[in-house]
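The values are calculated or read from the model by the stated rules, or taken from the named source; none is laboratory data. Keep in mind the model is a prediction, meaning the values are calculated, not measured. No Cβ is skipped: glycine too gets one built from the backbone with ideal geometry, and neighbour counts run over all protein chains shown. Surface areas here come from the heavy atoms of the whole protein model, side chains and all, with no ligands, DNA or RNA. Shrake-Rupley method; radii C 1.70, N 1.55, O 1.52, S 1.80 Å.
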Amino acid sequence: MKIVNVVGTRPNFMKIAPIIRAMNNDERIEHILVHTGQHYDAKMSNTFFDELKIPTPDVYLEVGSDSHARQTAKIMMAFEKVCEDFMPDYILVVGDVNSTMACSLVASKMNIGVIHVEAGIRSGDRDMPEEINRLVTDALADYLLPPSSDAVHNLKSEGHHHEKIEMVGNIMIDTLKYAEEDIQSSKILSELGVKPNEYVTLTMHRPSNTDTEIVLREVFEAIDYVQEKIPVVFPMHPRTKKMINQFGLQDMINKMSNLITTEPLGYFDFGKLTSKSKFVITDSGGIQEETTIYGIPCITIRKNTERPITISKGTNKIVGNNKYAIIECADQILQGQWKKGEIPKYWDGKTAERILQFIQEKLI
Ligand code: UD1
């Protein structure tokens, strides 16, 4: 059986790595890896291939950045050619980025089966580009492999037949566990001059936070308060860097003497940074999950989440981007008042095994 595995952006790489390793264990599966090139900077892409030992992509589509429509269209045109040449039985897509949706649309129109890993998560917020990608991908996919019970529930309530759905667990955790030794060997804390449990990690790249000046300024006002109490480490996404320059916020940031900005970090360094933080402030999806695994308090600067299990079971709280709300939560954590959290079902590092088993039992 022939499968095309698809990746495009940073969070896709950690999801595909364990799946490729699992597929290598069954010689009946012939698989290739396609990288759309949605992310192309070395620090957003190559680093992860090296660290996670992901094989060099068999096909690189080089689509790069563009508006949503143009980026999606470029991926579709290039990916159609890949499907014509390789003629797969299935494509396997992960997550909710533009590459995920674009390739699913191409395959389903060519009558190629689509397997979606991380299916069924929903924020209910259609202003988020990822929510549109999730809805479209799940509508088209032939097999839906959700990470958690809430995602299974969403799929069923949208009318997906239970035979298409297999709850496999959270694939991100496979990579986290696989890389645990390398993560803990990272020297990033001493390189940055911070000590375990005595700093905060900040990440922010969602358009809802970065693309409006008032909002971005307000979040930084909250960060200014936090960094006066405890150092804040901020690996900066290219989108955020671009918007800080565009809005002229560089001076405001330079004045914060306890705010340590860095380039985007590799997987090992970032894992170490998260795992040893006093707490994390983020608008990322995956980091809400990783903090739940590490038991580190997480302040999510968004109005909603597609990962509610990190709130009901984990260490996450949805706070939004109001500065007083962020400050209040930061103070609570610094005073030792935060929930402990527990690990959701099947976030155990064995998700890729379950995906392989599903393919073997249902598709071969
Ligand atoms: C994309 C995903 C988002 C994911 C994020 C992780 C979509 C709709 N969004 O958002 O779900 O959380 O990746 O990072 O698919 N850029 C670079 N170098 C790169 C890539 C991007 O400089 O390697 C800059 C470009 O200026 C680009 C901007 O970042 O215009 C945004 O990149 P894009 O891939 O469109 O979306 P992300 O914000 O990265």
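Normalised by the residues of segment 151-242, what does the relative contact order come to in percent, with Cα pairs under 8 Å and at least six apart? Don't skip to the end; give the middle numbers.
Numbers: 43 pairs, mean separation 25.1, N = 92.
So the answer I get is 27 percent.
Rolling a 1.4 Å probe over the protein heavy atoms leaves residue 40 with an accessible area of roughly 110 Å².
The relative contact order of segment 1-91, computed from alpha carbon pairs under 8 Å that lie at least 6 residues apart in sequence, is 36 percent. Most tightly packed first, judged by the mean number of other beta-carbon atoms within 10 Å of their residues, the peptides 340-346, 13-19, 173-179, 127-133 read 13-19, 173-179, 127-133, 340-346. Axis of helix 323-334 versus longest Cα principal axis of the chain: the two differ by about 80°, to the nearest ten degrees. Amide H contacts for residue 315 (H built 1.01 Å from N in the peptide plane; partners 5 or more residues away or on another chain; cut-off under 5 Å): 292. Given their separation in residues at 0.36 nm each and the Cα-Cα distance between them, residue 250 and residue 342 gain 29.2 nm when the chain is fully extended. Adding -39500 (n - 2.57) for every DSSP H run of four residues or longer, then dividing by how many residues the chain holds, sets the calculated 222 nm ellipticity at -13000 deg cm²/dmol.
Here the accessible area of the chain is 48 percent carbon and sulfur, with a 1.4 angstrom probe and all protein chains present.
Residues in the chain average 42 Å² of solvent-accessible surface per residue, probe 1.4 Å, ligands and nucleic acids excluded.
Compute the Cα gyration tensor for the chain, then decide on rounded, prolate or oblate, letting a ≥ b ≥ c be the square roots of its eigenvalues: rounded whenever a/c is under 1.5, prolate when a/b is larger than b/c in the other cases, and oblate in all that remain.
It is prolate, given that a/c is not under 1.5 and a/b is the larger ratio.
Taking every protein chain into account, the 1.4 Å probe leaves residue 136 with about 50 Å² of accessible area, to the nearest ten.
Students often forget the sequence filter, so: which lysines lie under 28 Å Cα-Cα from residue 156 once same-chain residues fewer than 8 apart are removed? By straight Cα distance, residue 156 reaches 15, 109, 164, 303, 313, 317, 345, 350, 362. The phi-based Karplus calculation (6.51 cos²θ - 1.76 cosθ + 1.60; θ = phi - 60°) puts the 3J(HN,Hα) values of segment 234-246 at 10, x, 9, 5, x, 4, 5, 4, 4, 6, 4, 5, 4 Hz, whole numbers, x for Gly and Pro. Once phi is turned into θ = phi - 60°, what whole-Hz ³J(HN,Hα) does the Karplus curve with 6.51, -1.76 and 1.60 give for every residue of segment 39-44, x standing for Gly and Pro? Per-residue couplings from phi come out as 9, 9, 5, 4, 6, 9 Hz. Couplings for segment 148-163, taken from phi via the Karplus curve 6.51 cos²θ - 1.76 cosθ + 1.60 with θ = phi - 60°, read 7, 5, 5, 5, 4, 4, 4, 5, 5, 6, 7, x, 6, 5, 4, 6 Hz in order; Gly and Pro are left as x. Against the chain, whose longest principal axis comes from its Cα atoms, helix 98-109 is set at around 20 degrees. The value of relative contact order for the chain, using C-alpha pairs under 8 Å at least six residues apart, is 16 percent. Output the 0 to 90 degree angle, nearest 10, between the alpha-carbon long axis of helix 129-140 and the longest principal axis computed from the alpha carbons of the chain. The angle comes out at about 20 degrees. A simple packing score, the average count of other Cβ atoms within 10 Å per residue, orders the peptides 87-96, 203-212, 47-56 as 87-96, 203-212, 47-56, with the highest score first.
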